[in-house]
Structures are given as C-alpha cells and as structure tokens.
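The values are calculated or read from the model by the stated rules, or taken from the named source; none is laboratory data. No experiment lies behind these values; they were computed from the predicted model shown. All Cβ positions, even for glycine, are placed from backbone atoms using ideal geometry, and neighbour counts span all protein chains on display. Each accessible area value is taken on the protein alone, full model and side chains, heavy atoms only, with ligands, DNA and RNA left out. Shrake-Rupley method; radii C 1.70, N 1.55, O 1.52, S 1.80 Å.
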Amino acid sequence: MVRGRDGVWTARSPTVVVLWDLDNKPPRGPPFPAATSLIAAASLLGRVVSVSAFANRHAFTHLPAWVTAERRNRRELDRAERAGVVAPPVPYTCAVCGRRFPTRPDLTRHFRQLHERERNKKLNRMRSLKGKKRQKFRERYISGNTKYNDAARELLTPKVGYGLASELRRAGVDVRTVPDKPQAADQALKRQVKHSVACGVDWLVLVSDDSDFTDTVRKARDADLRTVVVGDGCRALGNAADVWLPWDRVENGDVDEEMLRFGTRQDLEDEEEYQQEEQFVVEWDTSNLDDVVDDIIGTRTSLLGATTMSAFADADITDGIFEIGLNGDSMFWSSDDEDEDEDGYL
C-alpha cells in the first residue's frame, strides 16, 4: 500500500525492470518497433521503471542480413527510378519543407544540400554557446526539430551500423556499451540484476538465451523476485524462470495478459507439441488391421507391376520385380548412395 498526497492509501503497482542482452538476442527487424513491443509486454506486469540494453561496440557496427538486403533493394529501385524504368505512384515529398520530387535520389540530394547544411550551421552555432544559452538553443533548434530527425532517419545512411543505438534510445531504452572483453556484457547485466534485487523490484524481464544467467535467475527467484525470460527456446535459462515467453511473439507484439497469467513454460510447450502432433494425426480403423496393411502393401506393389499380396502371407517375396535383385540389396533409394557434389547519421 502507498499513501498519496491526499492521504488515501492505494495498492502499489508492481515495478518491472527489463534487461536486454543485445549480444545474444538482437532484434530481427527494425529496432524501434521491437523495443516498443518489448516495453508494452513488460508493462502488462506492472510499472516499468527501467529498460537497459547491454552490448559491446560490435553489436552496433554489425549489419544484419535483413539490413543489407533492404539497402540493396533500395539502391536497385533508385537506379530504376533514375533511369526512368520505374515511376513512383506519387511524388516524393520532403518532410521538412514540403517540396515534391519525381525520384528519391532527387529528394536525398535536396535534403543534403539544403537541410543538412542548415543543420550543421546550427550545430556549429550551438558549440559556440555556453551555459543556459546553449541549453535553450539545443532544445529549440536541435532536440526539438523532430521533422529533421524523422526525415534524416528515412533518407540518410548512418555512418556506422544501421542506427541500432539511436533507435533503441528513441524508444526509451538505456543503451550501455561495455568494453570489448569476454563476458563483459554478461558481467554488467549480472550486476544490474543484483542492483534490482537490492532495490526491491517485483518483476525482472530478461531478454536472453545465454545459459550463463541460469544461476543469476535462480538467485533472483530465491530473493522473492519474480522473473520472466524472453528467448527463442525454453532451455535451461527458461526453465529457471517463473515465466518463459517466445521472443518472436514479444517482438511482434503478440503478448497479452492471458499469456502472462497462464502462459507458463509448460503451457507454451504443450501448445507447440499439440500443434505439431495435430499435423500427423491419421484416423485408422484398427478393428481390421490385416485389411489395412493388405491395402497398403497392395497399393505399393501394384505400382511396380506385381500382384497384390498380404503382409502376413506365408510365401516369401521372390526376386525379379522389374529385374531388381533383393538378395542383400535394398529396393529403396537413398541419397547417401549417390556422390554429393556507434551510431550516427551523415
């Protein structure tokens, strides 16, 4: 219970801390939607007090396959528009000034020559100021210029990486870069878990599949800290937590209160096994098993031009079906028998 300013006692909302291991579980798509979906899923547990992501500099300089493919497709489309092969259905509009251009390369050239140049002038002006003047200038012309930021995010290519850190910060994630040492991110994340336990947090959401955090999660549960593990598989780390959630559902925003309340590890595993077993269910009448086997064997042998015979016949299968010998050789073909041939924008 918490007493408000008016003196009324109300139930305290549970507090939630989200820790994200970017080295082990990076987003599979655009970082901003993935981060917002993760925060929305964690907010179903209570009030999210902090969201932290840990990674070394390689996680921010690496280009995933989907980013490379997206940029390659964009370059091909730009060449086609410049050559006149492809025409956009509507002209491209500048998000800052509203001017229209027939192709995206023309829009990018306009943005660089006009708006980016003006932006650099304002940055140089801000660097020459100090104190409150600098803070006011930054809030008015730099941080408050959302139109330029949105357009630059769409048109300009980041100097390094694909804007992972900036997109996560835009979603409200505290991005922490650790030194380039072995297990540096794991150690920083474990220290943050201990800090959360000392602060009396109610829920801990850990986005990782690293089994090195198994003992940490168990100690957190022993300290009456309820834990949720988000990963690709319910392995050792997922079994040590109170609740396990699949990363693809969390990233796509498919998590609801019912899944958090009843979607424990065993429930999700039973659901996946049921879906797999449901695909292979074959309804046979086992009252007459001999006839069923006879029909199967008869169908297979009729394809080879042989007469139908029962699987329980006393006579042995003779050689000579399509001149295929059965003395020590297999009739079935096998493939084994053949020869195997740091972020920023320009």
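Computed from label points 7 Å out along Cα-Cβ, the spacing between Leu63 and Val85 is 2.1 nm. Diffusion coefficient of the range 183-242 by Stokes-Einstein, Kirkwood radius over Cα pairs, 37 °C, 0.692 mPa s: 290 µm²/s.
For the listed peptides 210-218, 190-198, 129-137, 12-20, a ranking on the average number of other beta carbons within 10 Å per residue, highest first, reads 12-20, 210-218, 190-198, 129-137. Pairs exceeding a 24 Å alpha-carbon distance, out of Lys159/Lys190; Lys159/Lys194; Lys25/Lys194; Lys133/Lys159; Lys25/Lys181: Lys159/Lys190; Lys159/Lys194; Lys133/Lys159. Basic side chains Lys and Arg get +1 at the Cβ, acidic Asp and Glu get -1 at the Cβ, and with that the dipole of the range 1-118 about its Cα centre reaches some 140 debye.
Entry note, the range 49-201: relative contact order of 41 percent, from Cα contacts under 8 Å with a spacing of 6+ residues. Under 5 Å from the amide H of Thr15 lie the amide H atoms of Arg47, Asp202, Trp203, each residue being 5 or more positions distant or on a separate chain, with H modelled from the backbone and absent for Pro and chain starts.
Karplus-based coupling profile of the range 177-191, in residue order and whole Hz: 8, 9, x, 7, 10, x, 6, 5, 5, 5, 5, 5, 5, 5, 5, with θ = phi - 60° in 6.51 cos²θ - 1.76 cosθ + 1.60 and x standing for Gly or Pro. Probing with 1.4 Å while keeping every protein chain in the model, the per residue accessible area of the range 40-148 equals 67 Å². Relative to the Cα centre, the charge distribution of the range 102-229, modelled as +1 at Lys and Arg Cβ and -1 at Asp and Glu Cβ, gives a dipole magnitude of about 1420 debye.
Positive-end ranking of Pro105, Leu164, Thr146 along the dipole of the range 102-172, with charges on Cβ about the Cα centre, is headed by Thr146. Counting only Cβ charges, +1 for Lys and Arg and -1 for Asp and Glu, the dipole size of the range 45-86 around its Cα centre is about 100 debye.
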